[in-house]
Amino acid sequence: MKNQLLLDIRKPCSEKWENFTPTSAGGFCSVCSTDVVDFTTMSDEEIIAHFSKASGKTCGRFRADQLKKYKAVAMPAVRPGARLLRAGFVGLFVLLISRPGVALPTPNSTNTTWAYHSVASTDEVLPDDYLVKGIVKDEEGQPLAGASVYLKSDPKLGTICDGNGNFEFPKKLKEGDVIVFSFIGYEPKEYVVTKEVNETIELKLTMTYTVLLGDVSVDHVYEKPSAFRKAWRKVKGLF
């Protein structure tokens, strides 16, 4: 089953992007008389969708981190019989979990490397401590979900931005502490905590424009179906 795409540019083009004529898809190279698609601002899903529909050769502009393997699994069509079978499984699962059980003791808490919640209210807060929170965006003003936020002096202490680019540092910080913001494909940026720190800060990261131009090599990678997938196909064949 070909459900993965491996993208690569084996012979990068030496033409300069700024010399291309802008188009709706990217730019037009007058030297090669070719439309070059700009993938640098696309998400993984958009890239997968493009090559799922593309036919023939594609010339593109990519960030270095975008030339990788993409998993593109097509959703199987569900037949009426399969719906009934799945509904039966769900009903059985609900019945089992609704039965009374024995409460298990809560395991002792352990120290974790990354903290995703604010400091408990019972912790002592000194007057010169500051709670740093805010939002991380890209150059277009779009939130960067999953951006890393950590203390420069202790990279193990930090958090990540939520789906809206928001973050709240898990520890009160002092004046002079340096926070590092980073995201794949973007230049890291540092923020120094000061007495004038706002309640909410807004920080923008700049994309790393290490780009490659050229004909895109698209390899379809075969992935062996799992035992569960094989069993599911046999079950579907009964309906």
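The values are calculated or read from the model by the stated rules, or taken from the named source; none is laboratory data. Here the structure is a predicted model, which is why all the values come from computation and not from measurement. Using ideal geometry, Cβ is built from the backbone for each residue, glycine included, and neighbour counts are taken over all protein chains shown.
Within the stretch 181-212, the set of residues being modelled with pLDDT of 70 or more, more than 14 Å from Cys161 (Cα to Cα) and hydroxyl-bearing (Ser, Thr, Tyr) comprises Tyr186, Tyr191, Thr194, Thr206, Thr208.
Looking only at the stretch 110-154, residues that are modelled with pLDDT of 50 or more and hydroxyl-bearing (Ser, Thr, Tyr) come to 4 in all.
Would it be correct to say that Ala72 is modelled with pLDDT of 60 or more, surrounded by fewer than 16 Cβ atoms within 10 Å (Cβ to Cβ) and of a type in the set (A, V, I, L, M)? Judged against the criteria, Ala72 is not a match.
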